[in-house]
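Student: Please see the structure below; I have some questions.
The values are calculated or read from the model by the stated rules, or taken from the named source; none is laboratory data. Since the structure is predicted, the reported quantities are computational estimates derived from the model, not experimental observations. Don't worry about glycine lacking a Cβ; one is built from the backbone with ideal geometry, like all the others, and counts go over all protein chains shown.
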Amino acid sequence: MTVLRWNEARMRERCQELAGLLADTVDGGASVGFLAPLRPAEAAGWWRERAGAVAAGRLAVWAAVDGADRVVGTVGLALPDKPSSRHRAEIVKLMVHRSARGQGLGRRLLATAEHAAVSAGLTLLHLDTETGSPAEHLYCSAGWTPAGTIPDYAVSPSGELRPTTLYYKRVGPPAG
């Protein structure tokens, strides 16, 4: 697997593949903000919007491709936009295609985003994930700290309200 940071042009060029990954994630039951069934046009449109955020410098996206050059994973780092938040960022849309799970790719994508955050001078990361999801094990085992749970925050792809747990992780040198 190869993990590389993608620019706006690459994201637009491979938008349909990214849409396929998002659809697979939703079809697999992950609560990533979409209801099933996810229409391909909706998924592609969402990724095109993300490409605009990459171009504007508000988002960094890494994609993992397998030996056949097929997109099998992504992670994003939503970058700060206010002077008082320039020390922190949010991990967003860590997704691994169901066919590529169990090979450590989720951990590798997470570590890639964490290292990039440190290189950018960030000191605090945060994220949210559905409480009780397989992703929680990854975050806990990677040193993330639960900050609290919000009931009925997420909606599963089937439309069921689910709790969400917020996590944070200090990275890089201490702020100040």
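Student: Out of ARG48, ARG86, which single residue is under 22 Å from ASP27 (Cβ atoms) and surrounded by fewer than 16 Cβ atoms within 10 Å (Cβ to Cβ)?
Tutor: Exactly one of ARG48, ARG86 is under 22 Å from ASP27 (Cβ atoms) and surrounded by fewer than 16 Cβ atoms within 10 Å (Cβ to Cβ), namely ARG48.
Student: If GLY176 passes every condition in (1) modelled with pLDDT under 95; (2) in a helix (DSSP H, G or I) but one, which one does it miss?
Tutor: (2)
Student: Restricting to region 90-113, give me the number of residues that are polar (S, T, N, Q) and either in a loop (DSSP other than H, G, I, E, B) or under 12 Å from the mean Cα position of the chain (by Cα) (or both).
Tutor: Residues of region 90-113 polar (S, T, N, Q): 99, 103, 112.
Those left that are additionally either in a loop (DSSP other than H, G, I, E, B) or under 12 Å from the mean Cα position of the chain (by Cα) (or both): 103, 112.
Selection size over region 90-113: 2.
Student: Do we find a residue being at negative phi, under 17 Å from the mean Cα position of the chain (by Cα) and assigned to a loop (DSSP other than H, G, I, E, B) anywhere in region 63-78?
Tutor: For region 63-78, residues at negative phi, under 17 Å from the mean Cα position of the chain (by Cα) and assigned to a loop (DSSP other than H, G, I, E, B): absent.
Student: Listed residues VAL61, VAL3; which is surrounded by fewer than 21 Cβ atoms within 10 Å (Cβ to Cβ), among the aliphatic types (A, V, I, L, M) and either over 22 Å from ALA154 (Cα atoms) or in contact (Cβ under 8 Å) with a residue 60 or more places away in the chain (or both)?
Tutor: Every option except VAL3 fails the conditions.
Each row is one residue, and each column tells you yes or no for (1) assigned to a helix (DSSP H, G or I); (2) of a type outside the set (Phe, Trp, Tyr); (3) closer than 20 Å to ARG101 by Cβ.
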site: VAL118; (1), (2), (3): yes, yes, no
site: ASP128; (1), (2), (3): no, yes, no
site: GLY132; (1), (2), (3): no, yes, yes
site: GLU136; (1), (2), (3): yes, yes, yes
site: ILE150; (1), (2), (3): no, yes, no
site: PRO163; (1), (2), (3): no, yes, no
site: LYS169; (1), (2), (3): no, yes, no
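Student: Ok, one more. Is at least one residue of region 91-108 surrounded by fewer than 16 Cβ atoms within 10 Å (Cβ to Cβ), modelled with pLDDT of 95 or more and under 22 Å from THR145 (Cα atoms)?
Tutor: Taking every residue of region 91-108 in turn, at least one turns out to be surrounded by fewer than 16 Cβ atoms within 10 Å (Cβ to Cβ), modelled with pLDDT of 95 or more and under 22 Å from THR145 (Cα atoms).
Student: Could you look through region 135-167, keep only residues that are surrounded by fewer than 14 Cβ atoms within 10 Å (Cβ to Cβ) and either acidic (Asp, Glu) or within 15 Å of the chain's Cα centre (by Cα) (or both), and pick out the one that is farthest from ALA111 (Cα to Cα)?
Tutor: Selected residue: GLU160.
Student: For region 41-53, state whether one or more residues are at pLDDT 95 or above and part of a strand (DSSP E or B).
Tutor: no
Student: Continuing with the same structure: Does region 123-134 contain any residue that is hydroxyl-bearing (Ser, Thr, Tyr), modelled with pLDDT of 95 or more and in contact with a Lys or Arg (Cβ under 8 Å, 6 or more places away or on another chain)?
Tutor: Yes, the conditions are met somewhere in region 123-134.
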